[in-house]
Each structure stands twice: as C-alpha cells, then as structure tokens.
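I have placed the structure first, in the form of structure tokens, so that the comments after it can refer back to it.
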Amino acid sequence: MRVNAYAAPAAGEPLAPTTIERREVGPNDVLIQITHAGICHSDIHTVNGDWGPQPFPVVPGHEIVGVVTEVGSDVTRHQVGDRVGVGCMVNSCGECVNCKNGDEQYCVKGMVGTYAATDRDGTTTQGGYSTHVVVDADYVLRVPEGIDSAAAAPLLCAGITTYTPLRHWDAGPGSKVAVVGLGGLGHMAVKIAHALGAHVTVLSQSLKKQEDGLRLGADAYFATSDPTTFEQLANQFDLIINTVSAPVDLNAYLGLLAVDGTMVNVGAPPEPLSLDVFSLIGARRSFAGSMIGGIALTQEMLDFCAEKGIGAEVEVIPADKVNEAYERVLASDVRYRFVIDTSTLEDAAR
C-alpha cells in the first residue's frame, strides 16, 4: 500500500511531503495507523548526515504510537483496535545470545532500525513520519491506558533510553543520580529517576530551566557554567546520566562521581569524546554507554510510566511544521519534545 509521509530527499535538505510503499501484511505482521510520531535529535543527526551516508530518501521517526488496523494470521498478542507503539527497532536475528537474553538492541548481527536500515527482506525501513507502518508483531508494544498518545510517543525512545541505565545501575531509594541536560532525554531521566525513588540533581548549562526541573522531580539544580558547581558537587554521585548530544568535559563530570560511581552516556555527539583514565582510576569510577532497551524492558517501562502517571512533556505540531521544529530543536527551543500529529499528513500531501 502507498501511504503519505514526510521524507528527507538528501542530506541536509528540508523534509518534504511524499508517498512511500509499505509491504503487505505478512503472517506475523501488524499494520498500524499512526496517530503520533515524536521528533528525536537522532532524526536530525541522521537526515543531516552527521552519522554518515544514509539511504535517501529517508522517512525519520522512531517514536510511534498508533492503532492496529490489521494483523497477520499468526499474530496473537495484538488485535485490531489496540493502541500500540513502535520504538527504535523493528527486527533482529532473534537467535544470538543477546536476542535470547532480551537485549535485541545489541543483536550480534545488528538490530534493524525503524528507519534508514536494511530489513531482513532487503528493503529499506522507513519511519513514523507517515500515516501507516507495517511491523513484525514481536517488535510492537502495548501502550497502557493512562498515558495520552502524544505524551506516550517519546517514551518509545527518550523514555526507554533513560529508563534502561537507571534500571541497569539500580537507581532507587538511597542512590544519588545526576542528569546532565534537561532536554528531550533529560526531562524523562528526571521524571523516571524521581519515580524510582532516587535523589535527583540536574546539571544544566544555566539555571533558566530550574523551575521546570524541580517541577519534574529534581531535588536540586546546578548550572555547569558556574565553575564552583564542580567543586561543590565533587565525589557525590552514584550515577550520572549524560543526555546531551554535544561535547562535554568528561573529566570534570567524572570528578563528580563517588567511589564506584558510573557515568553513562546516552546522548550521541557527532564527534569523539576524550577522557583522562586517571579520572577513573582515582576512585574506581566507570564510564559507560547505553542505548535503548529490549522489547520486554520497553514494555516494562511503558507499564511503569502508566502506573506512575509519567508521560513526556510535548508540543504537538502538524506535519508541515516539521522543518521549523528541527530548527527549534537545534536551538534548544522546545520543552521538551515535539510530536507530529500524523493525521495532518493527509493535508500536507495535498
């Protein structure tokens, strides 16, 4: 079937309305009518070519919420009418040790990304800035009641990207967590860490979002532009989640960790970062990376957020505002996630 979408025709060029072809619904597939698609900084990096050559034209979008309109003959876990979500991956080998352990995102043969990736059938995946998508049922999540669809969409990337390290490194009562950056990822990290029971500190360049940070669940808020911040907070944190997609002084932040503390990068800057290993050796600190979670953990995250009343802070836009939204994301002019109302794609295509 051909469906309306917004695509980037080439690196650095504005997105434009187009039509794309979705595959027929196979025995284990689900056809989803998309209602909302979040805009992730990764989308912008991809279409700008920051992460290397891409198979243009590219339809971005891996924060997808919609309604099931058709299921394959072998599908039992989803039914027509269900509200569902799709995150950053739509396939994996299912056979390697990581897939079998529920870490499909680390598939040894490479997970299949929701867009700009080669699927198992050799086709190029296209993402959620579209009206419909066909996805293997095993990679489709149930969106629980209690979360608005627009607020749920960013959970499929920003939510699970921050939930995963918080769970893996046991954030909870008695632990001190710092979140670097209060943007699309950072605001979710604050909400989730607070809901897990951790003491949460936001580290941001300035204090202009301090009121928001405290409202979202932070216990403290510091400006990293103030050099005394790094002196005042030295050796304090059990876990630092770095959410920014820009270079930071890793050594300065590592100095904020307590003995056995860990700094985890979930933001992905386009250029390499460097660190002095003595920043680690001096207090048995660790520097780590983390991406999204597996399907089971993503479902756990959605259920947790529904139980705790957590959703993303969103600004819903029509599809024809996507290029303007990209510019505003790059200017840090969004609080805190743009979400496309994909019903407007019908109008944009006319």
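The values are calculated or read from the model by the stated rules, or taken from the named source; none is laboratory data. Because the structure is a prediction, the values reported are computed rather than measured. Please note: Cβ atoms are built from the backbone with ideal geometry, for glycine as well, and neighbour counts cover all protein chains shown.
Examine segment 213-226 for a residue that is of a type in the set (Val, Ile, Thr), at pLDDT 95 or above and closer than 23 Å to residue 269 by Cα, and state whether such a residue exists.
yes
Take residues that are among the charged types (D, E, K, R), within 16 Å of residue 44 (Cα to Cα) and over 17 Å from the mean Cα position of the chain (by Cα) and tell me which of the helices (runs of 4 or more DSSP H) falling wholly in segment 263-350 contain 3 or more. Step through it out loud before you land on a result.
Numbers: elements: 278-281, 295-308, 322-330, 345-348.
Correct list: 322-330.
Among the residues of segment 94-141, which ones are closer than 22 Å to residue 1 by Cβ, of a type in the set (Val, Ile, Thr), part of a loop (DSSP other than H, G, I, E, B) and at pLDDT 95 or above?
Matches in segment 94-141: 114, 125, 131, 140.
Kindly indicate the residue of segment 276-300 that is among the hydrophobic types (A, V, I, L, M, F, W, C) and touching a strand residue (DSSP E or B) at 6+ places or on another chain (Cβ under 9 Å) and also farthest from residue 102 (Cα to Cα) among those meeting that condition. Let's see the steps before the verdict.
Looking only at segment 276-300, we keep the residues that are among the hydrophobic types (A, V, I, L, M, F, W, C), and these are 277-278, 280-281, 283, 287-288, 291-292, 295-297.
Then keep just the ones that are touching a strand residue (DSSP E or B) at 6+ places or on another chain (Cβ under 9 Å); that gives 280, 283, 287-288, 292, 295.
Values: 280: 30, 283: 32, 287: 23, 288: 20, 292: 12, 295: 7 Å.
This residue is 283.
Filter segment 257-313 down to the residues that are in the same structural domain as residue 234 (by TED's automatic domain parsing) and acidic (Asp, Glu) and list them by number.
Selection gives 260, 271, 276.
What are the residues in segment 67-93 that are in contact with a helix residue (DSSP H, G or I) (Cβ under 8 Å, 6 or more places away or on another chain) and in a strand (DSSP E or B), if any?
Of everything in segment 67-93, those that are in contact with a helix residue (DSSP H, G or I) (Cβ under 8 Å, 6 or more places away or on another chain) and in a strand (DSSP E or B) turn out to be 71, 83, 85, 86, 89, 90, 91.
Among the listed residues 334, 248, identify the single one that is touching a helix residue (DSSP H, G or I) at 6+ places or on another chain (Cβ under 8 Å), modelled with pLDDT under 95, under 23 Å from residue 205 (Cβ atoms) and buried (at least 16 other Cβ atoms within 10 Å of the Cβ).
Details: 248 fails: touching a helix residue (DSSP H, G or I) at 6+ places or on another chain (Cβ under 8 Å).
Exactly one residue qualifies, and that residue is 334.
Would you check if there is a residue in segment 149-164 being over 15 Å from the mean Cα position of the chain (by Cα), more than 18 Å from residue 90 (Cα to Cα), touching a residue at least 24 places away in the same chain (Cβ under 8 Å) and not assigned by TED's automatic domain parsing to the domain that holds residue 234? Walk me through how you get there before you give the answer.
Here is the first cut: in segment 149-164, the residues over 15 Å from the mean Cα position of the chain (by Cα) are 149.
Adding the requirement that they be more than 18 Å from residue 90 (Cα to Cα) leaves 149.
Next, only the ones that are touching a residue at least 24 places away in the same chain (Cβ under 8 Å) stay: 149.
Of the ones still in play, those that are also not assigned by TED's automatic domain parsing to the domain that holds residue 234 are 149.
Checked segment 149-164: at least one residue is over 15 Å from the mean Cα position of the chain (by Cα), more than 18 Å from residue 90 (Cα to Cα), touching a residue at least 24 places away in the same chain (Cβ under 8 Å) and not assigned by TED's automatic domain parsing to the domain that holds residue 234.
How many of the residues in segment 70-81 are within 17 Å of residue 145 (Cα to Cα) and crowded, with 17+ Cβ neighbours inside 10 Å? Spell out how you get there, then give the answer.
Here is the first cut: in segment 70-81, the residues within 17 Å of residue 145 (Cα to Cα) are 77-81.
The next check asks that each one be crowded, with 17+ Cβ neighbours inside 10 Å; those that pass are 78.
Residues in segment 70-81 being within 17 Å of residue 145 (Cα to Cα) and crowded, with 17+ Cβ neighbours inside 10 Å: 1 in total.
Starting from segment 85-101, take each residue that is in the same structural domain as residue 137 (by TED's automatic domain parsing) and free of Cβ contacts under 8 Å to residues at least 12 places away in the same chain and list its partners that are assigned to a helix (DSSP H, G or I) and among the hydroxyl-bearing types (Ser, Thr, Tyr), counting only C-beta distances under 9 angstrom and pairs at least six apart or across chains.
From segment 85-101, the pairs are 98/106; 99/106.
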